[in-house]
Amino acid sequence: LASHMDGLKFSGDLRARYEYRDQNVGAAKSAAKAEDSSEDRGRLRTRFRLGMVWNSKSEAWELGAGLATGGGDGRSTNDTWNETDIFETGDIRLDYAYAKHKWALMDGQMPLSVTVGQMKNPFVTTFMNWDDDLRPTGVAVQMGDPFGKDFCGSFLTLGAFDVLWGANLNKVNNDTDVLMLAGQAGYAYKSDPFNTLVAAGWRQINSAWEGAVRTATYDPFKTSPGLYAISNGYDVEIADLYGEITTTVSGIGLKAYGHLSMNLGADGAVSQQNLPAGERPDDNDLAWVLGAEAKYSRFTLGYAYGYIGADGVFGPLKDSDFGETAGLMDTDVQGHKLSLSYAVTRNFSLGATGYLLERIEGGSEALADGAMNDEADQTTCVQVDAVYKF
């Protein structure tokens, strides 16, 4: 390394997953699907991630880059085994690459940083608003460290991100960028026996996505299909509130959390999803999650219930497992998420996550044109994982 660099740190993980999905598909109006049916799917998948961080203490810079399996979909770093060819090889792609400059304020008690590039998510959130695999591209300014183990105090995060760029995105000879401005302010309080964290956030996405045109090879909103028909009266202005409390009782680590989100700009007659006649975006502009987690010895048990209204969040950013991967859509989905893991060794764990989900308003309900929506009404999805971290 160059003389001004203090070192290079590697980290990563390897995950093998078996995923099984059981869908109950609503009856269609056509004679070919006169009755409800069940559609099953099982597949094996691998995720490999390698992260690298270079530090220069003398110049207060941190450079980070990561590699991961997967394709171009920002919401998945999974590589499905032999999906198109016999014993096919997988792809390794750039997961993130950023530069972060850091300062220490208030005698080192208040960290301040500016991050530029493609970065890990700088916001405190849940699967309701962000997929864990998404790496925002842009610039983020953060005062305080809500993810720091020992941090106690106020924090503020501001960001400007390029969500999507497409040459001639809207087919009117304009190269356009879908941009997002986001902010979050909160407070982390640590004491014995309870620790708490609260955060309020806001996100606004500009209207460039309204002109996106679906093609045979370009379909960024495929699981939020209503976005292709959204009117000019529809805006994406998301306000959210998050809170958590953690404690330890008789050696059991406990955490309870809640997350509430509302799209203040959801208006007009067209929703992000295909909904029954009479349903409007402002009738479905709310989303919320309630969850809890318990850790004892080597076991971790988690449960969450999510209600994601069709227009409560911006669907293409939400966690894909709680919807698309399970066979439903990005939004207009509700249900349970249950997880259990066991740490076999310090770095090797076995676990399983189950989803029991259903559409809220859509599914086999009649649409405005009299046709039926053939999307799955209910689905059960189970993921069994073996993970080794290094």
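Just one of the numbered conditions (1) among the hydrophobic types (A, V, I, L, M, F, W, C); (2) within 25 Å of VAL313 (Cβ to Cβ); (3) in a strand (DSSP E or B); (4) at pLDDT below 95 is not true of VAL139: (4). Within the range 229-275, the set of residues being in a loop (DSSP other than H, G, I, E, B), of a type in the set (A, V, I, L, M) and either open to solvent by less than 30 Å² (accessible area, probe 1.4 Å) or at pLDDT below 95 (or both) comprises ILE230, ALA266, ALA269, VAL270, LEU275.
Which residues, taken from the range 175-206, are over 22 Å from ILE308 (Cα atoms), among the polar types (S, T, N, Q) and either in a strand (DSSP E or B) or in contact with an Asp or Glu (Cβ under 8 Å, 6 or more places away or on another chain) (or both)? Of everything in the range 175-206, those that are over 22 Å from ILE308 (Cα atoms), among the polar types (S, T, N, Q) and either in a strand (DSSP E or B) or in contact with an Asp or Glu (Cβ under 8 Å, 6 or more places away or on another chain) (or both) turn out to be THR176, ASN195, THR196.
So, ALA208, is that one crowded, with 18+ Cβ neighbours inside 10 Å, touching a strand residue (DSSP E or B) at 6+ places or on another chain (Cβ under 6 Å) and touching a residue at least 24 places away in the same chain (Cβ under 8 Å) or not? Break it down stepwise before answering.
On the way: crowded, with 18+ Cβ neighbours inside 10 Å: yes; touching a strand residue (DSSP E or B) at 6+ places or on another chain (Cβ under 6 Å): yes; touching a residue at least 24 places away in the same chain (Cβ under 8 Å): yes.
Answer is yes for this residue.
Is it true that some residue in the range 334-354 is touching a residue at least 12 places away in the same chain (Cβ under 8 Å), open to solvent by less than 20 Å² (accessible area, probe 1.4 Å) and among the hydroxyl-bearing types (Ser, Thr, Tyr)? No, there is no match, as no residue in the range 334-354 is touching a residue at least 12 places away in the same chain (Cβ under 8 Å), open to solvent by less than 20 Å² (accessible area, probe 1.4 Å) and among the hydroxyl-bearing types (Ser, Thr, Tyr).
If we scan the range 298-320, do we find a residue that is open to solvent by 10 Å² or more (accessible area, probe 1.4 Å), over 30 Å from ILE230 (Cβ atoms), free of Cβ contacts under 8 Å to residues at least 12 places away in the same chain and not in a strand (DSSP E or B)? No: the range 298-320 contains no residue that is open to solvent by 10 Å² or more (accessible area, probe 1.4 Å), over 30 Å from ILE230 (Cβ atoms), free of Cβ contacts under 8 Å to residues at least 12 places away in the same chain and not in a strand (DSSP E or B).
The values are calculated or read from the model by the stated rules, or taken from the named source; none is laboratory data. Please read these numbers as outputs of a predicted model, since none were measured by experiment. Here the Cβ is made from the backbone with ideal geometry for all residues, glycine too, and neighbour counts use every protein chain on show. Ligands, DNA and RNA are excluded from the accessible area calculation, which covers all protein heavy atoms including side chains. Shrake-Rupley method; radii C 1.70, N 1.55, O 1.52, S 1.80 Å.
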